[in-house]
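Student: Before we start, here is the structure in question, set down as structure tokens.
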Amino acid sequence: MKKKIIIFTIVVLFLIIINHFFLKNLDNDQLDNSNKNLELEIENKEIEKQTYSSNVLENVNYNSIDPEGNEYTIIASEGEIDIKNNQTIFLKNVKASIKLKNSDIILISSGFAKYNAANLDTIFTDNVVIENLENKIIGEYLDFSMLRKNIIISKDVVFKNKSNILKTDVIEIDIDTKNVKFYMNEKDKKVSIIKTN
């Protein structure tokens, strides 16, 4: 990634130097002040567009394996690197898989995600779907953390399998122990369970 930024910077500097020599050789009497200002304004807008678009990546694919042997893969149609923190990448049309050691694969899809390349923590939003074996969880927000070793799904959460439909505010999954907690944010409300078989 740093290599792309360096190459882009060199290209932009090269274009500015060539442009500078070109403008220097023009007869100043041929250009009035308004034309000069207009050209500089157009050039600045083009450089801004190039700088912004240089942070956008297409067909993003990240693969990682943690020290315990858990595999994490995330794929997106587009990714944009945060200008303030180059370890943070905003993703669109996201698909992820988590292959826990000695366990089944967890598949996640969502409209958007915020991925931290330094620690693999990822926040998925917009139509989040989690699939594992015959279980399916739908929600609007998922916080996956390798550091905390857990997955937290919240906002309009529905859990489905062959025999149950469960509606809750939050589902929390411990990656190490595989323990799952279903709970509501308000104590006076209860998790709704509907038997389908």
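Student: Of these, Lys178, Lys187, Lys195, Lys167, which one is modelled with pLDDT of 90 or more and over 19 Å from Lys114 (Cβ atoms)?
Tutor: Numbers: Lys178 fails: modelled with pLDDT of 90 or more; Lys187 fails: modelled with pLDDT of 90 or more; Lys195 fails: modelled with pLDDT of 90 or more.
None of the others qualify; the one that does is Lys167.
Student: Can you tell me which residues in segment 86-129 are assigned to a strand (DSSP E or B) and over 11 Å from the mean Cα position of the chain (by Cα)?
Tutor: The answer is Ser97, Ile98, Lys99, Ile105, Ile106, Leu107, Ile108, Ser109, Asp126, Asn127, Val128, Val129.
Student: So which residues in segment 167-196 are in contact with a Ser or Thr (Cβ under 7 Å, 6 or more places away or on another chain) and more than 24 Å from Ile74 (Cβ to Cβ), if there are any at all?
Tutor: Within segment 167-196, Lys167, Asp169, Phe182, Tyr183, Met184, Val191, Lys195, Thr196 qualify.
Residue-wise test of (1) out of contact with any helix residue (DSSP H, G or I) (no Cβ under 9 Å at 6 or more places or on another chain); (2) outside the structural domain of Leu147 (by TED's automatic domain parsing); (3) surrounded by 14 or more Cβ atoms within 10 Å (Cβ to Cβ); (4) modelled with pLDDT of 90 or more.
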site	(1), (2), (3), (4)
Glu71	yes, no, yes, no
Ile75	yes, no, yes, yes
Lys95	yes, no, yes, yes
Ala118	yes, no, no, no
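Student: Okay, moving on. So which of Met146, Met184 ends up being surrounded by 16 or more Cβ atoms within 10 Å (Cβ to Cβ), in the same structural domain as Gly69 (by TED's automatic domain parsing) and not small (Gly, Ala, Ser)? Don't jump to the end; show me each part of the working.
Tutor: Working: Met184 fails: surrounded by 16 or more Cβ atoms within 10 Å (Cβ to Cβ).
It is Met146.
Student: Restricting to segment 42-69, and then to whatever is farther than 22 Å from Gln87 by Cα and in the same structural domain as Asp82 (by TED's automatic domain parsing), can you tell me which residue is modelled with the highest pLDDT?
Tutor: Gly69
Student: Among the residues of segment 168-197, which ones are more than 24 Å from Ser97 (Cα to Cα) and assigned to a strand (DSSP E or B)? Steps first, answer last, please.
Tutor: Kept after step one, since they are more than 24 Å from Ser97 (Cα to Cα), are these residues of segment 168-197: 183-197.
Matches in segment 168-197: Tyr183, Ser192, Ile193, Ile194, Lys195.
The values are calculated or read from the model by the stated rules, or taken from the named source; none is laboratory data. Note that the structure is a prediction, hence the values are computed from the model and not measured. Here Cβ is always computed from backbone atoms with ideal geometry, including for glycine, and neighbour counts include all displayed protein chains.
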